[in-house]
Amino acid sequence: MAVVPTAKRKRISPPESSHLEVPSSTSVPQPAATEDFLARAAAWNLEQDYEQRPRKQAKREERNTRLPIKTAQGVVEQLHVPQVRSEDEDDWPDSEDDREAGDPEALVHEHIEKENKVPIRQQILEVKEELARIASLLNENPEEHAGGFRTLNQIASSSKPTIKKLAFATQLAVFRDAIPGYRIRPIAEVDQTEKVSKDVRRLRAFEQTLVSSYQAYIKDLANAAKPSSKGISEATASVASVAISCACALLLAVPHFNFRGELLKILVTRLSLRKVDANFIKCREAIENLFSNDEDGTSSLDAVSLITRMMKSRNYHVDESVLNTFLHLRLLTEFTSKASQNRVDKPVAESDLGGKKPKFKKEFRNKKLRKVMKERKAVEKEFKEADAIVSHEHRDKMQAETLKLVFVTYFRILKARIPNLMGAVLEGLAKYAHLINQDFFGDLLEALKDLVSDAEALLNESEEEEDNESTSISKKGRDFTREALLCITTAFALLEGQDVARSASSLNLDLTFFISHLYESLHTLSLNPDIELSAKSLRLPDPHDPSSSTPAPKVNLQTTMVLLLRALTSVLTPRSVPPIRLAAFTKQLFTSSLQLPEKSTLAMLSLLNNVAKIHGRKIAALWNTEERKGDGVFDALRGDLESSNPFASTIWEGELLKLHYAPGVREGVRGIEKVIGGVK
């Protein structure tokens with residue numbers, strides 16, 4: 001049966017009226033809705049929307065512009081070249097996988113994983129090479145390679161202790177060479193708007209980069225050197241030690257530069273600890289060198305201000321070597337005025353007192369010579385400014401403020417009676433006594449009297465409780481005899497170089513108390529076996545002495561014998577000393593010389609020789625029994641030297657000293673007798 005093709009259906013067109021009819025679901029909008037739609041459509045910015053629409057362009061296929069070649073087999077082939085990505089293409093990832101690959105955190109983790117795969121020794125070698133390269137570039141031309149400072153800061157932020165220490169040391173060497181000899185100030189807004197040359201703009205950019213990098217470096221040092229209350233590892237302790245060494249070296253190398261206060265805070269924070277270790281000693285020596293080398297006094301004022309505030313905040317519970325750093329200030333040799341804890345006495349000129357000004361002979365100069373002199377003065381002024389010569393007015397002002405802070409600290413410690421700082425305070429007052437004004441004498445002498453009385457009472461109490469183990473800790477390691485001697489030395493040092501008559505009449509100063517106590521303590525001091533030893537002297541502890549286990553007092557740098565000679569010189573050498581006082585002291589000193597060591601005996605005989613030259617007539621009766629002026633017996637143990645009847649005795653100790661084993665002692669005694677024999 002044959003297949004019959006399917007009949008083709010004809011398309012029947014709808015009626016004409018059908019295209020006018022609209023289904024109910026798509027009804028024509030009303031006239032009000034049409035107007036609203038047209039109003040909103042007029043506000044559309046179609047071009048801007050189209051411009052901001054992200055485009056996805058198809059990548060252009062690279063046309064192969066190379067000609068076909070014929071191979072060795074005779075086959076003609078077209079050479080295909082691999083596509084190379086151009087530099088102008090966008091590097092930002094488009095897909096989600098690419099975005100994850102470009103995440104910064106992912107990159108950091110990838111870098112850390114890669115770094116952990118490299119051995120630590122290889123990392124240190126690579127860091128050393130990189131640090132050497134950056135340091136050499138900065139050393140050659142720091143202005144051109146200023147970005148190297150930031151690179152060094154990034155390397156110093158490593159978590160590896162060895163890398164951190166290498167970066168700290170490299171930064172120290174780089175900054176010490178790159179820092180200029182002036183202080184960099186921040187650029188003001190007015191200066192930023194000014195038109196400057198290219199060189200000035202480049203110099204400003206370098207200075208701001210240097211200051212910001214230097215500030216970041218000091219912050220890293222402060223964080224690394226910060227003491228921790230908890231136990232720290234050896235690696236952290238080594239990093240802290242390197243950081244403190246770098247801070248000390250920077251402070252001594254560039255004390256004039258920015259952020260000096262932050263460097264001082266690092267050192268003072270370490271000095272606030274009671275633990276005396278290698279870092280503590282480094283900081284203390286750096287402060288002492290800063291005080292000794294400071295010319296204008298500004299750095300010393302900042303350091304003293306921080307140290308005094310630190311001690312006050314800790315209620316003066318610090319090591320006494322911190323207080324002894326004040327003895328290295330340059331006030332002793334440069335400052336000429338007198339001060340106290342409240343004010344400074346400025347020198348008064350003769351013109352201010354109403355006196356006539358001295359007349360100077362006027363020298364004739366013609367117009368040409370005056371012009372030459374004027375130009376010469378201008379050149380000298382420029383040279384002074386270029387050499388940064390410190391003016392005397394500025395230095396005196398800084399040193400006066402420093403001296404007031406020192407006296408405030410000393411007086412507060414005297415009032416608080418801090419046991420371990422009393423000797424250091426008394427030594428400091430004895431050193432700076434010639435700089436104390438007379439308004440400060442009254443309160444200071446009263447405080448010294450109280451200290452001497454307390455020291456004497458504590459000495460008697462310690463002798464009574466010698467075998468008692470319940471002695472308070474504050475009494476251990478203290479030499480009360482030495483502290484009393486320091487008080488006496490300070491009291492007499494206050495009047496040296498002062499107008500004694502004026503001060504005695506206005507302030508009613510009476511030093512009889514100190515003279516009597518010095519006279520009573522002569523026998524005790526002569527029996528002291530450590531009279532020639534200081535805190536720095538090397539000695540072995542006495543195994544039979546229970547107090548020898550306590551640390552040796554480091555109250556000052558002078559021995560007890562030196563302090564005794566200073567006090568005796570102040571008492572016996574003035575011209576207005578009464579004969580009874582001279583005779584009593586002379587008799588006691590000859591008796592004490594029998595017990596002193598050789599060097600101390602020589603020093604004592606030298607002092608007695610000077611006394612014999614000055615007051616030979618007043619004490620000559622002690623060597624001649626036929627010229628006695630008093631009756632009775634001499635009482636060497638009597639506290640009141642005025643009633644001890646010294647002229648009733650003779651200097652028989654000289655005959656024993658003539659038999660001394662030291663030739664110098666024998667010659668010293670003969671010299672005194674020769675001076676007394678020549679008195680008429």
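Side notes on the structure shown:
- The residue list Ser321, Ser305, Ser299, Ser292 contains one member that is hydroxyl-bearing (Ser, Thr, Tyr), surrounded by 18 or more Cβ atoms within 10 Å (Cβ to Cβ) and either in a helix (DSSP H, G or I) or at pLDDT 90 or above (or both), which is Ser299.
- Pick from region 621-680, criterion touching a residue at least 60 places away in the same chain (Cβ under 8 Å) and touching an Asp or Glu at 6+ places or on another chain (Cβ under 6 Å), ranking: surrounded by the fewest Cβ atoms within 10 Å (Cβ to Cβ): Gly639
- For beta carbons closer than 8 Å, sequence separation of 6+ or different chains, a first residue in region 480-502 that is assigned by TED's automatic domain parsing to the domain that holds Leu435 and under 15 Å from Leu435 (Cα atoms) and a second that is charged (D, E, K, R) and at pLDDT 75 or above, the qualifying pairs are Phe492/Arg566; Ala493/Arg566.
- For Asp277, the stated conditions do not hold, so it cannot be described as modelled with pLDDT under 90 and in contact with a Ser or Thr (Cβ under 7 Å, 6 or more places away or on another chain).
- Only one of the numbered conditions (1) assigned to a loop (DSSP other than H, G, I, E, B); (2) modelled with pLDDT under 75 is violated by Pro529, and that is (2).
- Some residue of region 163-176 being at negative phi and free of Cβ contacts under 8 Å to residues at least 24 places away in the same chain: no
Each row is one residue, and each column tells you yes or no for (1) basic (Lys, Arg); (2) in a helix (DSSP H, G or I).
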| residue | (1), (2) |
| --- | --- |
| Ser158 | no, no |
| Lys164 | yes, yes |
| Phe175 | no, yes |
| Arg185 | yes, no |
| Val196 | no, no |
| Arg201 | yes, yes |
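The values are calculated or read from the model by the stated rules, or taken from the named source; none is laboratory data. This structure is a prediction, so every number in the text was calculated from the model and none was measured. Cβ coordinates were reconstructed from backbone atoms using ideal geometry, including for glycine residues, and neighbour counts include every protein chain displayed.
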